[in-house]
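FYI, it's all coordinate maths here, none of it is from the lab. Because the structure is predicted, anything quoted here is derived from the model rather than measured. When we count neighbours, we look across all protein chains shown, and the Cβ atoms used for this are built from the backbone with ideal geometry, even at glycine.
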Amino acid sequence: MLGSQVALGVVGLAAAIAAVAAAAGSVHRAPRGAHEVLIAGQQFTYPAVNVAAVVLLALAGLGAAVLAMIARGAWAQLRAYRRFARGIAVLGPLPGHPEVYVMDDASADAFCAGYLRPRVYISRGALELLSEAELAAVLSHEERHRATRDPLRFACGRLLSNALFFLPALRPLGARYEELAEQSADEAAVLASAGEKAPLAAALLAFEAAAPAGTAGISNERVDSLLGQHARWRLPSPRGAACRAARPRKQSHREPY
């Protein structure tokens, strides 16, 4: 799924770069094919424009806009993540888990954040809420996200989806990859629990019960996956994909549990 999203994004990005390069290569210092017009005794010249030139200029403009959106989006994401990281009150590493950092937060929370060097964070409230087996399942889940650098993958997918807005299939592909990544992390947690699903399921229910009212809950597909019922998924129709592409999407700099 990620491969399809990346391949489609690379094709769109390559097309945008090619359009900009072709437009740049077609620029000449000397006027070519210029027309002349006489107005009030004054002679004016203007370049000849045909359909091919108009199409090329339009594609070049679109390509330049894509490149500008990618640069702007990447810079905005980096700045937002730095603000997010500075706002995390870290107490120190979790005993026995040097790669896990404990947050001074009474709410139940656990996530993986970071792009090049992702880290796993867990709140003080989550440590008080979860049993030993449940905590081990949660840490295995987040460790999977850290090992595969999912925060970076998700950020790149969202960046391409926003910049290549004329490829509406990118967004549902990216959303589907995020769902599959969550299921893959769940499978890693179950495997670390000797094949037992109860610790992870109990942890999910504990986080769900402790979450503030109105927040997003556990997806039905994720629960079905834990129960061994894998739902079938198909690429949305072009009309449905276009509707999803038109909706604003909230950016996230962490990978929540």
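Each residue, residue 209 and residue 131, gets one label point 7 Å from its Cα in the Cβ direction; the gap between the two is 1.2 nm.
Phi-derived couplings, Karplus 6.51 cos²θ - 1.76 cosθ + 1.60 at θ = phi - 60°, listed residue by residue for the stretch 169-178: 6, 5, 5, x, 5, x, 5, 5, 4, 4 Hz, with x used for Gly and Pro. Across the stretch 113-219, C-alpha contacts under 8 Å between residues 6 or more apart give a mean separation that, scaled by the residue count, equals a relative contact order of 33 percent. Distances between placed amide hydrogens fall under 5 Å for residue 101 paired with 94, 120, 121, 122, all partners being 5 or more residues away or on another chain.
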